[in-house]
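Visitor: This is the structure I want to talk about, given as structure tokens.
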Amino acid sequence: MAMLPLILHWFFIEWYSGKKSSSALFQHLTALIECSAAAIVTLFVSDPVGSLQIRSCKVKMLSDWYTMLYNPSPDYVTTIHCTHEAVYPLYTIVFIYYAFCLVLMMLLRPLLVKKIACGLGKSDRFKSIYAALYFFPILTLLQAVGGGLLYYAFPYIILVLSLVTLAVYMSASEVETFKDLLVRKKRLIVLFSHWVLHAYGIVSISKLNYIYQDLPLLALVPTPALFYLLTAKYTEPSRILSEGANGH
């Protein structure tokens, strides 16, 4: 859940930046700084305070995340609300992190966008910020309701979401060949950023318990991008329509 705000920030920044805007790279870096700083501050204010370590209870089963469902009812009529967070602080720390992300974004991003987003119209400059004001409440709701499920599924979510956003970005940027990819440095930065997320997802799934067996899996990181570039020309809509019209 900590990686999702950064992925969504990058996606919407790229989506609304426009092809001629030179501000997207700076916004990407600012989003990275915001999320990194929020994570560090969150760790500092969590127990033990002033340390980058977390003191938490061990998670044993999915029900540990939903202790509120196990409040006792001695007489089967009155429910005693006495349960606490069994996985503290793994559940509440995400909300604290989101709060710091939102505060830092509102402090840093508007000033940056106002100064350097000259290639966009006034109504388009802040759309990536407006998008964040929508997806942060959604992420908060997801964490509140499905925190336990997300705890076990987050590596797969990161992997799938990074693959989807990479495919959408390359399609929206009309990247169909290796040459198109190398034309602009920003595209390479976005690609490498997604590769880092792919690697993070693979490592999270494998946990590198058997390092000599699991480490070669990182060689799969460039595979989705290579597959896209090698097959993009065969899925060009205009080509499909022309071949259909010719009866092929």
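The values are calculated or read from the model by the stated rules, or taken from the named source; none is laboratory data. Just so it is clear, the model here is predicted, and its values are computed rather than measured. Cβ coordinates were reconstructed from backbone atoms using ideal geometry, including for glycine residues, and neighbour counts include every protein chain displayed. Calculation scope for accessible area: heavy atoms of the full protein, side chains included, ligands and nucleic acids excluded. Shrake-Rupley method; radii C 1.70, N 1.55, O 1.52, S 1.80 Å.
Visitor: Please find, in a Gaussian network model of the chain (springs between Cα atoms separated by less than 10 Å), the residue of 175, 49, 203 whose mean-square fluctuation is greatest.
Guide: Judging by the Gaussian network model, the answer is 49.
Visitor: Which order do 192, 154 take by accessible area at a 1.4 Å probe, largest first? Provide the component values of the computation, followed by the final result.
Guide: Working: 192 105, 154 65 Å².
Correct descending sequence by accessible area is 192, 154.
Visitor: Taking Rh as the Kirkwood radius, which is the inverse of the mean 1/r over Cα pairs, what is the Rg/Rh value for the range 143-219? Present the calculation step by step, with values, prior to reporting the outcome.
Guide: Numbers: Rg = 15.2 Å, Rh = 14.1 Å.
Rg divided by Rh gives 1.08.
Visitor: So how much slack lies between residue 134 and residue 57, counting 0.36 nm per residue of separation and subtracting their Cα-Cα distance, in nm?
Guide: Details: separation 77, 0.36 × 77 = 27.72 nm, distance 3.19 nm.
Once the chain is fully extended between residue 134 and residue 57, it gains 24.5 nm.
Visitor: Still on this structure, please answer the following. If I model a spin label as a point 7 Å beyond the Cα along the Cα-Cβ vector, how far apart are those points for residue 205 and residue 92 in nm?
Guide: 3.4 nm
Visitor: Another question, if that's okay. Compute the Rg to Rh ratio over the chain from the alpha carbon atoms, using the Kirkwood formula for Rh, and round to two decimal places.
Guide: On the way: Rg = 21.9 Å, Rh = 20.9 Å.
Dividing the radius of gyration by the Kirkwood radius yields 1.05.
Visitor: Also, quick follow-up: Where in the chain are the DSSP H helices whose C-alpha atoms run 30 Å or more along the long axis and whose mean Kyte hydropathy is at least 0.5?
Guide: Values: long enough: 24-45 (31 Å, 1.70); 92-116 (36 Å, 1.82); 127-172 (34 Å, 1.53); 185-206 (32 Å, 0.84).
What comes out of the filter, once short or polar helices are dropped, is 24-45, 92-116, 127-172, 185-206.
Visitor: Note down the accessible area of residue 189, probe 1.4 Å, to the nearest 10 Å².
Guide: Answer for residue 189: close to 70 Å² accessible.
Visitor: Between residue 172 and residue 212, what FRET efficiency follows from the Cβ-Cβ distance if R0 is 35 Å, with the result rounded to 0.05? Walk me through the numbers on the way to the answer.
Guide: On the way: r = 39 Å, r/R0 = 1.13.
Once rounded, the FRET efficiency stands at 0.35.
Visitor: A follow-up question, please. Roughly how many whole Å is it from the C-alpha centroid of the range 35-103 to that of the range 181-216?
Guide: 30 Å
Visitor: Please compute the contact order of the range 34-150 in relative form: average sequence separation of alpha-carbon pairs under 8 Å and at least six residues apart, divided by the residue count, as a percent.
Guide: Numbers: 94 pairs, mean separation 31.1, N = 117.
About 27 percent, as a whole number.
Visitor: So, one more: Using helices alone, what [θ] at 222 nm do you get for the chain, with -39,500 (n - 2.57) per DSSP H run of 4 or more residues, divided over all residues and rounded to the nearest 500? Let's see the in-between values first.
Guide: Working: 9 runs with 157 residues, N = 248.
Estimated from H runs of four or more residues: -21500 deg cm²/dmol.
Visitor: Something else about it: Return the distance in nm (one decimal) between the two label points of a simple spin-label model at residue 145 and residue 85, each offset 7 Å from Cα along Cα→Cβ.
Guide: Going from the residue 145 label point to the residue 85 one covers 2.1 nm.
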